[in-house]
Every structure is written in C-alpha cells, then in structure tokens.
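Shown next, in structure tokens, is the structure this report addresses.
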Amino acid sequence: MSHAAADRHAWTEPAVEDLGGGVHRIPLPLPLDGLKAVNVYAITDPGGVDLIDAGMAIVAARERLTEALRQLGYGLGDVRNFLVTHIHIDHYSLAVELRREFRTLISLGEDERANMIATREMINGTGGHRVFGAESLRRLGATEMIGRLSTLERNGPMFTDWEDPDRWVADGADLDLRTRTLRAVHTPGHTLGHVVYHDAASEIMFAGDHVLPHITPSIGFEPAGNRMALRDYLSSLARTLALPDARLLPAHGPVTGSTHERVNELLAHHDARLAEAADAVRAGHATPFEVARAIKWTRRQRLFDDLDLFARIQAVNETAAHLEVLLVRGQVTRETSPVGADLYQLPDGTDGVSQR
Ligand SMILES: [Zn+2]
C-alpha cells in the first residue's frame, strides 16, 4: 500500500482521538466492503457520556466501544444518550441493542419516521424487494438488473430489531448536554430525516454522513426512497454554508478543519455530475440506466458495467436523482415509455445548455 493510501485509511485504526473539550473520536469497525469504520463521538463529563451515533450491532463494534470507553474511565452503562444522525444500520443498530440492557435514551431526526415504517414493511415482506432502490429499477429503465437481485437479497444485510427512538428530534431543537448545547439541524438528502448536531459555541459540527471529507455520500439510498433526494441534498449543503464555518467531525473519515471548504467541493462535484448527465441526455441516452452507463463512476473513473450489482443499483438511483434536478431546472423534460420507464430528453428547440 502506498503512503497516500495508508494515510487515507489511518482514521479507521482502533483509537481514541482526543479532540479537546471532552470530545473524543472513536472509530468502530464495519463488516462492509467499502466502508471499514464508522466514527462515534463521545462527549464526556464527570457524570457520564453522551454519544453521537452508535455504530453497527456487531460483536466487534461493541467490544471496541467498550474498550474505548474504559480507556476514558467509563462503562457502557455510563452512556446517557445516543444522538443518532440518521437511520442507516451502521449508525443506529448498536444503539437499539445497548438500550435493551442499559436503558440509554435514543434520539433520531423526526423525518426518519417514513424510513422506520418502510424498514418494517421490508422486514415483514410487505414492501416488495429487500434491497433499497430495487423497486424502482423498472421505472429507471434497468429491467435487466432485476433478475439478478435474488442473490443480493439472499446475501444482503439483515434488518432485524428496528425499534423507534425514545425521542424524535425536530429541526432546530436545542439539546442541552451537561457541557454544551447542540442544535439539531435537519439536513435531508443522504436520508429523509438526517440531522447534523451543531455546536456553534465550540465551532464544531457532528456531521454524520451529510458532509464526509473523502467521499460523496450516497443520495436517497433509503427504504422509503426519495425522488427529490438530490434537490434536498443540494439545499441542505446550502443550509450548511449559511451556518458559521465549523470543524468537521464526520461519521466516516478523519476530522478536518472546515465544513464550508468541504461543502464547496461537494457542490462542485454535483455541478460536474449534473453537466455529465445533461451531456449524456444530449447524446441521446434517455433512461436513468442508459445515462448511468454513459458516465464514469467513483474517484477512479470506472465503467458502470465494472461496478458490482449493489453499486450499480446505487449508481442508477443517483443518476435518476441528478436527472430530476435537471428536470426541476427546466434543462430536460420527462415522459413515460410504454413499459413504464422514465425517458428524459432535451426540451424542444434547445441544445440543453443551461442559461445562467
Ligand atoms: Zn454511514
């Protein structure tokens, strides 16, 4: 592994990083191909601990959290609150497991209710496919991918034991902890109910998956689905820029100096992706599936057909989200094909070049 690659993964190493002011970063392991760890943040005071995000309910994560808290002088029973940024399994499920034993209080953004309901329908088999984004593949023009889903559904993550939080957190709620006040800011896009926890006095933001330093978060990859996920996400990025700049404490990746700097990079990334999608429509690609195949993916500019099935489903859904933003901006039109697929085209009489 090169030095650059080693540095890129350094944040995943077992550690308790002291960020000052009683705040500590604790990376917990994940059994996923792409993401190797999720950061939880411990906010400590003499009486106990509050945790931002909880990690995934696997033995290795629970053991690592136990050891990290022990180093700080606490046990799992000293955790008062799990303040969770969003409903994804790598952030939420360990909180549910630990609450059973320790009666810890769980908070989650109130707009995640739709995802909680959709998750239960998926578990109970009443909602169709068990892989997010799969039910829309026909509409996205990707019918040829549907037949391959059964293997993924057999091997995909299990969604058991989903339970409601103790508190559904409203946008703008101020959470008074012992040493600081955190404001929950609703930042939909990655999921419908994602919140970041902003400490303006200390100039830090617990950003969950809304702003990540090394990767672009997936958009609308959630049980309830959200066709407007990218429009929501771009609005949430703008909202983050309207808040004071802060140190970025992300759920995946190292702590960095500026939320604003990274938000501007993410906005530039999506501008470029929107332009690529518009170019593909101009070249005659009509369905989200066709457009996704016409553009390059990941930092390494990979071909769509070289991605694994799970990544292809995400790519088609993300492409659709970009096309919907172009639709809202009047740069493309949409109609439905006889087999129910979305077809995007340039508006009559234009070459699709945006008028700024
Ligand atoms: Zn995550």
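The values are calculated or read from the model by the stated rules, or taken from the named source; none is laboratory data. The structure displayed is predicted, hence computed values, not measured ones. A quick note on method: Cβ atoms are made from the backbone with ideal geometry, for glycine too, and the neighbour counts reach across all protein chains shown. Just the protein is used for accessible areas: all its heavy atoms, side chains included, with ligands, DNA and RNA removed. Shrake-Rupley method; radii C 1.70, N 1.55, O 1.52, S 1.80 Å.
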Taking square-rooted eigenvalues a ≥ b ≥ c of the alpha carbon gyration tensor, is segment 1-127 rounded, prolate or oblate, where a/c under 1.5 means rounded and, failing that, a/b exceeding b/c means prolate?
-> oblate
Keeping the other protein chains in place, figure out the carbon and sulfur percent of the accessible area of segment 21-94, with a 1.4 Å probe.
-> 54 percent
Note down the accessible area of residue 99, probe 1.4 Å, to the nearest 10 Å².
-> 40 Å²
Taking protein heavy atoms only, a 1.4 Å probe, and rounding to whole percent, the accessible area of segment 192-304 owed to carbon and sulfur comes out at 50 percent
Using Cα atoms only, what is the angle between the long axis of helix 309-328 and the major principal axis of the chain, expressed in degrees (0 to 90) to the nearest 10?
-> 70 degrees
Any idea of the accessible area per residue across segment 258-356, 1.4 Å probe, to the nearest Å²?
-> 52 Å²
Local electrostatic count at residue 328 - Lys and Arg +1, Asp and Glu -1, tallied over other residues with Cβ under 13 Å = +2
Whenever you get a sec, line up 36, 296 from highest to lowest accessible area (probe 1.4 Å, protein heavy atoms).
-> 36, 296
Lys/Arg +1, Asp/Glu -1 at C-beta; the chain dipole; positive extreme among 44, 146, 257 = 146
